[in-house]
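Asker: I am attaching a structure below and will ask some questions about it afterwards.
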Amino acid sequence: MIRTEKICKDLGEFRLVDVSLEIDDAEYLVILGPTGAGKTIFLETLAGIHVPDSGKVFLDGRDITRLPSRLRSVGVVYQDYTLFPHLSVEKNIRFGVPYSRIPEDKSEERIAELTELLGIGHLMHRYPATLSGGEKQRVAIARALITEPKVLLFDEPLSALDSETRSRLREELRRLHRHTQITMIHVTHDFDEAFLLGNKLAIMNEGRIVQEGEPEDVFRRPNSRWVADFLGANNIFQGVQTPGEGLSSMRIDGLTILTTSRVSGSVHVCVRPEDILVSLKPIESSARNVFEGTIAGVSNTGTVINLEILVGKVPFVASITRRSFYDMGLEPGKNVFVTFKTVDVHVF
Amino acid sequence: MVKRLSPGRLLRTRSADLGFRTIALVLCGLVVLLLVGALVALITRTTPQDLWDSLRSEEIRFAIQLSLLTSVASTALCIIVTVPAAYVLTHYRFRGRGLINVILELPLALPPVVAGMALLILFGATGFGRSLADAGIQFVFTKQGIILAQFFVILPFMYRIMKTTFQGINPRYEHVAKTLGCTDLEVFRRVTLPMARNGLIAGAIIAWCRALGEFGAALMVAGATRMRTETLPTALYLNMTSGDLTLAVSAATILIGIAFVALLLFEKAAGTARIF
């Protein structure tokens, strides 16, 4: 288990403020945040490149705050691969062997296993300059894994790759994590990576962890306007809520939405576009929020179609599949019903 | 959208571009002509026979030997000192770092004669210099003095090149090496130095060429004694002042020859060096 306790570090341009995180063994933590949020210095502090100004880092209960990198068993894979250009692929992978506790004869076995696992056996004699981005990143991962680190840090490992290679490598990272059961911490600004890889998600902004939890949870229940905006959540409205019996009702611009939250007063609500059902007639269901509105706009994102639906003065965004869009024959100006459950209304 | 230009304006912009290119090319050509002209004038001053005779003269042979010896020695010393200095100043933060950097680059702005005079006073007219001399380490009017003077003059060049080379290496390579288990020394030996290879070769050759031609500072510290502290530039100077123009021009021609060969070797080294 790796744990940080109120780490602060000021590097001028980038900084960390009171970062406390706990990552269990074999967990895959994804840290999501905009550029300049301090994600890279956080990783480099875990790796021992920076000593925090204050706060502590613990690995398996041991204080490693001031321990040099080489004694930490923490591996790093950077976005720009950082393969040693003067060494062949094989020598790059073997680089850490002399310093590790793996005996010489076992290291051969391990190299064979790793190159097999990552599919880079045929590249061993080549030099980094002749490799493609995906190949470089696989070699960089093998080089980090050879020393059997307890924690593996990824700094935007897929950002420099084309989208096809990226999704292939993303799958491989998942497989690798299942296979090795190493604790992984992965920094990115790609939402797909956060969802597909992480079993824990932390959102970082201006050097702070602003929210953490299961990825699904964080996406559904952002705890602040900033997180909601950053995660691209639509349908964020401000209104006044009054708790009633069982459910609370909330007034937004002449509209009353029912929620399960018990907070009273001025609040924000958020309903994710994919949680809104669109139909031509009112749907028979247990969902309590049903409104009639008019389609004001249609935008095709390729995978789904986003509809802008005006309910009174309140604009909702709903995501539906292309198929249902064509089946219902929707077009701007058409009247539709929007339906969503009270539990899908997130109040903050 | 690209703005459509009228044919007239298009022609005017094109001719403006053409004019700029022509002026730049003409200026470049003039400089090349000046350089080639000066060198050809010098080389054609001697006949091959004169050059051959000079090469066989004891004085010129001595000067060639001394020049090669001192320049190689001073370059080697310079590498030994500047590589760690540039490494320390680019990799560690400490008080006085900026000041040390300025001091190391200062000789760049110093006329070599002034540098030579300063060295002469330090090693000839202070208690420090005298106690060194008493211990048998004599710099004033000796061959060691030539090496010292050359070292002093080429130091800032080599330092600057090594500094830029080290700065050009992404520190993440070193970070990765550390997480893989390297100590700072191992990172330097296995990552930083190999990655700095091209800069090191280029720096060493430039430093050596400058050492070979160094005259002013060496003159102040080591003097210009025939067959004692006579390097090729000194031979040129001595024979020029004593009126033996043939020997003087021969010395100059040999210097050009050595520099030319060095440059060719450099190109070859840079060519075979793996391009990262």
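The values are calculated or read from the model by the stated rules, or taken from the named source; none is laboratory data. Because the structure is a prediction, the values reported are computed rather than measured. Here the Cβ positions follow ideal geometry from the backbone for every residue, glycine too, while neighbour counts run over all protein chains shown.
Asker: Suppose we keep only residues that are among the β-branched types (Val, Ile, Thr) and at the interface with chain B (Cβ under 8 Å from one of its Cβ atoms) within region A:69-78. Which one would you say is farthest from the chain's Cα centre (by Cα)? Please lay out each step first, then the result.
Answerer: From region A:69-78, those among the β-branched types (Val, Ile, Thr) are A:74, A:76-77; that's our starting set.
Subsequent filtering for residues that are at the interface with chain B (Cβ under 8 Å from one of its Cβ atoms) retains A:74, A:76.
Details: A:Val74: 21, A:Val76: 18 Å.
Ranking the qualifying residues of region A:69-78, first place goes to A:Val74.
Asker: OK, next. All but one of (1) more than 9 Å from chain B (Cβ to nearest Cβ); (2) in a helix (DSSP H, G or I); (3) crowded, with 16+ Cβ neighbours inside 10 Å hold for A:Thr65, so report the exception by its number.
Answerer: Of everything listed in (1) more than 9 Å from chain B (Cβ to nearest Cβ); (2) in a helix (DSSP H, G or I); (3) crowded, with 16+ Cβ neighbours inside 10 Å, A:Thr65 misses just condition (2).
Asker: Take the residues of region A:167-190 that are in contact with a strand residue (DSSP E or B) (Cβ under 7 Å, 6 or more places away or on another chain) and of a type in the set (A, V, I, L, M, F, W, C): which is nearest to A:Ile41 (Cα to Cα)? Explain how you work it out, then say what you get.
Answerer: From region A:167-190, those in contact with a strand residue (DSSP E or B) (Cβ under 7 Å, 6 or more places away or on another chain) are A:177, A:182-189; that's our starting set.
Checking which are of a type in the set (A, V, I, L, M, F, W, C) leaves us with A:182, A:184-185, A:187.
Details: A:Ile182: 21, A:Met184: 16, A:Ile185: 13, A:Val187: 11 Å.
Checking each candidate, the answer is A:Val187.
Asker: Here's something else I'd like to know. Could you please find all residues in region B:157-194 being touching a helix residue (DSSP H, G or I) at 6+ places or on another chain (Cβ under 7 Å), of a type in the set (A, V, I, L, M, F, W, C) and either buried (at least 20 other Cβ atoms within 10 Å of the Cβ) or touching a residue at least 60 places away in the same chain (Cβ under 8 Å) (or both)?
Answerer: B:Phe157, B:Met158, B:Ile161, B:Met162, B:Phe166, B:Ala177, B:Leu180, B:Cys182, B:Val187, B:Phe188, B:Val191 - these are the residues of region B:157-194 that are touching a helix residue (DSSP H, G or I) at 6+ places or on another chain (Cβ under 7 Å), of a type in the set (A, V, I, L, M, F, W, C) and either buried (at least 20 other Cβ atoms within 10 Å of the Cβ) or touching a residue at least 60 places away in the same chain (Cβ under 8 Å) (or both).
Asker: Any residue that is within 14 Å of chain A (Cβ to nearest Cβ), of a type in the set (Lys, Arg), over 22 Å from B:Leu106 (Cα atoms) and assigned to a helix (DSSP H, G or I) - is there at least one of those in region B:141-150? So that I can check it myself, show each step before the final result.
Answerer: Applying the first criterion (within 14 Å of chain A (Cβ to nearest Cβ)) to region B:141-150 yields none.
No - not one qualifying residue is present in region B:141-150.
Asker: Out of everything in region A:84-96 that is more than 9 Å from chain B (Cβ to nearest Cβ) and among the hydrophobic types (A, V, I, L, M, F, W, C), what residue ends up being farthest from the chain's Cα centre (by Cα)? Reasoning before the result, please.
Answerer: We begin by selecting, within region A:84-96, every residue more than 9 Å from chain B (Cβ to nearest Cβ); these are A:88-94.
Checking the rest, the ones that are also among the hydrophobic types (A, V, I, L, M, F, W, C) come to A:89, A:93.
Details: A:Val89: 30, A:Ile93: 28 Å.
The qualifying residue farthest from the chain's Cα centre (by Cα) is A:Val89.
Asker: What residue, among those in region A:34-62 that are at positive phi and surrounded by fewer than 23 Cβ atoms within 10 Å (Cβ to Cβ), is nearest to the other protein chains (Cβ to nearest Cβ)?
Answerer: Among those residues, the one meeting the criterion is A:Gly48.
Asker: Looking only at residues in region A:215-230 that are without any contact (Cβ under 8 Å) to a residue 60 or more places away in the chain and within 26 Å of A:Thr183 (Cβ to Cβ), which one is surrounded by the fewest Cβ atoms within 10 Å (Cβ to Cβ)?
Answerer: Here the residue is A:Glu216.
Asker: Moving on to the next point. For region A:131-149, enumerate the residues that are part of a loop (DSSP other than H, G, I, E, B) and away from every other protein chain (no Cβ under 12 Å).
Answerer: Initial filter on region A:131-149 (part of a loop (DSSP other than H, G, I, E, B)): A:131-132, A:146-149.
Answer for region A:131-149, where residues must be part of a loop (DSSP other than H, G, I, E, B) and away from every other protein chain (no Cβ under 12 Å): A:Leu131, A:Ser132.
Asker: I'd like to check which helices (runs of 4 or more DSSP H) are fully inside region B:167-247 and have at least 2 residues that are away from every other protein chain (no Cβ under 14 Å) and more than 23 Å from the chain's Cα centre (by Cα). Can you show your working first?
Answerer: Values: elements: B:171-179, B:184-187, B:197-213, B:216-222, B:232-241.
Output list reads B:232-241.
Asker: Looking at (1) more than 9 Å from chain B (Cβ to nearest Cβ); (2) buried (at least 22 other Cβ atoms within 10 Å of the Cβ); (3) at pLDDT 90 or above, which is the one condition that is false for A:Tyr81?
Answerer: The one condition A:Tyr81 does not meet is (3).
Asker: Please list, ordered by residue number, the helices (runs of 4 or more DSSP H) wholly in region B:62-136 having 1 or more residues that are among the basic types (Lys, Arg).
Answerer: Of the helices (runs of 4 or more DSSP H) lying wholly inside region B:62-136, those with at least 1 residues that are among the basic types (Lys, Arg) span B:97-105, B:127-134.
Asker: I'm trying to understand the selection: among the residues of region A:1-50, which are in a strand (DSSP E or B) and within 26 Å of A:Gly232 (Cβ to Cβ)? Talk me through it step by step, then tell me what you get.
Answerer: Applying the first criterion (in a strand (DSSP E or B)) to region A:1-50 yields A:2-10, A:15-23, A:28-32.
A:Arg15, A:Leu16, A:Val17, A:Val19, A:Leu21, A:Ile23, A:Tyr28, A:Leu29, A:Val30, A:Ile31, A:Leu32, listed by residue number.
Asker: I'd like the residue in region A:102-129 that is free of Cβ contacts under 8 Å to residues at least 24 places away in the same chain and in a loop (DSSP other than H, G, I, E, B) and, out of all such residues, is nearest to A:Ile49 (Cα to Cα). Show your work before the answer.
Answerer: At the first step, the residues of region A:102-129 found to be free of Cβ contacts under 8 Å to residues at least 24 places away in the same chain are A:103-106, A:108-109, A:112-113, A:116, A:119, A:121-122.
Filter once more, so that each one left must be in a loop (DSSP other than H, G, I, E, B): A:103, A:119.
Details: A:Pro103: 27, A:Gly119: 30 Å.
Step by step, filter region A:102-129, then rank; the result is A:Pro103.
Asker: So, in region B:238-266, how many residues would count as being among the aromatic types (Phe, Trp, Tyr) and over 21 Å from B:Pro48 (Cα atoms)? Don't jump to the end; show me each part of the working.
Answerer: Taking region B:238-266 and keeping what is among the aromatic types (Phe, Trp, Tyr), we get B:260, B:266.
With the extra rule that they be over 21 Å from B:Pro48 (Cα atoms), the set shrinks to B:266.
Of the residues in that region, 1 qualify.
Asker: Could you tell me whether B:Lys163 is in contact with a Lys or Arg (Cβ under 7 Å, 6 or more places away or on another chain) and not hydrophobic (A, V, I, L, M, F, W, C)?
Answerer: Values: in contact with a Lys or Arg (Cβ under 7 Å, 6 or more places away or on another chain): no; not hydrophobic (A, V, I, L, M, F, W, C): yes.
For B:Lys163, the condition - in contact with a Lys or Arg (Cβ under 7 Å, 6 or more places away or on another chain) and not hydrophobic (A, V, I, L, M, F, W, C) - is not met.
Asker: Residue under question is B:Leu99, and the condition is that it be closer than 19 Å to B:Leu219 by Cβ and either more than 19 Å from the chain's Cα centre (by Cα) or surrounded by 14 or more Cβ atoms within 10 Å (Cβ to Cβ) (or both); does it hold?
Answerer: Values: closer than 19 Å to B:Leu219 by Cβ: no; either more than 19 Å from the chain's Cα centre (by Cα) or surrounded by 14 or more Cβ atoms within 10 Å (Cβ to Cβ) (or both): yes.
Criteria not met by B:Leu99.
Asker: Please report, ordered by residue number, the strands (runs of 3 or more DSSP E) entirely within region A:289-348 with at least 1 residues that are among the hydrophobic types (A, V, I, L, M, F, W, C) and touching a Lys or Arg at 6+ places or on another chain (Cβ under 8 Å).
Answerer: It comes to A:289-300, A:305-311, A:335-340.
Asker: What number goes with the only condition from (1) farther than 30 Å from A:Ile209 by Cβ; (2) within 14 Å of chain B (Cβ to nearest Cβ); (3) among the hydroxyl-bearing types (Ser, Thr, Tyr); (4) crowded, with 20+ Cβ neighbours inside 10 Å that A:Thr115 does not pass?
Answerer: Unmet for A:Thr115, out of (1) farther than 30 Å from A:Ile209 by Cβ; (2) within 14 Å of chain B (Cβ to nearest Cβ); (3) among the hydroxyl-bearing types (Ser, Thr, Tyr); (4) crowded, with 20+ Cβ neighbours inside 10 Å: (2).
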